[in-house]
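A quick write-up on the structure given underneath.
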Amino acid sequence: MTFGEQPAYLRVAGDLRQKIADGSLPPHTRLPSQARIRAEYGVSDTVALEARKVLMAEGLVEGRSGSGTYVREQPVPRRISRAGYRGTAPSTPFRQEQSEAGARGTWESGSEQEEATASIAKRLGIQEGDRVMRTRYVFRDAGEAMMLSTSWEPLAVTGRTPVMLPEEGPLAGCGVVERMAALDIVVDNVVEEVGARPGLAEELLRLGGVPGHAVLVIERTYYASGMAVETADVVVPADRYRIAYHLPVK
């Protein structure tokens, strides 16, 4: 193989991918069998099998037990808007942001205390093993799971206060900024880092995704005068959503 030349299985996968993209192989169409791929492209069974594996890993096709492999219908990506905190709106940041797109946002949550892992302790600027409140969320749009979030808050800040549980008490669901303000803590900065990785099995099960699909992960941390008061991982299916940031010019 000369420099820059693709392996045979990638060339076959690329051609089949193009046929899916241009509609020659529309959604719900059965993918050519391994024997047909072998004959049409003049490749071995191994190459044909690897090409099919590539398309399956990319989420372009799916296997149906006892029936074969079929082209998946690809969702049209929808937008999740992230515009930062706005103190004038009487709702949570999630509802503020999603209302712009006409979404009917609801969520489920559950909180429990745990010891901070090394990575979470580093993000919060506390010691490994310090107590934190972990809250897990499933956000839905019209009933469809669209986003997961897991947040951690140091109990040294919120413990034994009315806002210790993010979704209970007098400020339940009001968001980090308002809850911290109730403790005379002024949140003045939020940092978000966006990355991508393969979705974990548990995440994809809850989001209705396909094993092997990628997810977008937003690592968010709220700060008050340099002190981290909350950090969270927000997980979004990359094939169904795009993250749109609205950043005001000052």
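Take the alpha carbon gyration tensor of segment 105-172, find the square roots of its eigenvalues, order them as a ≥ b ≥ c, and report rounded if a/c is under 1.5; if not, report prolate when a/b exceeds b/c, else oblate. Intermediate results must be reported in sequence, preceding the final value.
On the way: a/c = 3.25, a/b = 1.56, b/c = 2.09.
Note, shape of segment 105-172 comes out oblate.
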(message) Could you work out [θ]222 nm for the chain from helices alone, using -39500 (n - 2.57) per DSSP H run of at least four and dividing by all its residues? Round to the nearest 500 deg cm²/dmol.
(response) -7500 deg cm²/dmol
(request) Could you pull out every residue, at least 5 positions away or on a different chain, whose amide H is within less than 5 Å of the one on Ser81? Hs are placed 1.01 Å off N in the peptide plane, and Pro or chain starts have none. (result) Ala244
(message) Give me a comma-separated list of calculated 3J(HN,Hα) values for segment 198-205, in order, Karplus coefficients 6.51, -1.76, 1.60 applied at θ = phi - 60°, integers in Hz, x for any Gly or Pro.
(response) x, x, 6, 4, 5, 5, 5, 5
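Which FRET efficiency, nearest 0.05, do Ser65 and Ile243 yield, Cβ-Cβ r, R0 45 Å?
The calculated FRET efficiency here is 0.80.
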(message) For Ala182, what residues show an amide H to amide H distance below 5 Å, using hydrogens built from the backbone and excluding near sequence neighbours?
(response) none
(message) For Val215, what residues show an amide H to amide H distance below 5 Å, using hydrogens built from the backbone and excluding near sequence neighbours?
(response) Arg197, Gly199, Ala238
(request) Can you grab the distance from the C-alpha centre of segment 194-209 to the C-alpha centre of segment 1-71, Å, no decimals? (result) 24
(message) Students often get this wrong, so try it: which of [x] 194; [y] 109; [z] 132 is volume of the Cα convex hull per residue in Å³ as calculated from the structure shown?
(response) [x]
(message) What distance in nm lies between label points placed 7 Å from Cα along the C-beta direction at Asp130 and Glu73?
(response) 5.0
(message) Could you work out the pair-distance distribution P(r) of segment 182-227 from its alpha-carbon pairs, with 5 angstrom bin width and percents rounded to whole numbers?
(response) 5, 19, 18, 13, 11, 11, 11, 10, 2
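Read-outs: derived from the displayed coordinates by stated rules, not from any lab. These numbers come from a predicted model, not from an experiment. Every residue, glycine among them, receives a Cβ derived from its backbone with ideal geometry; neighbour counts consider all protein chains shown.
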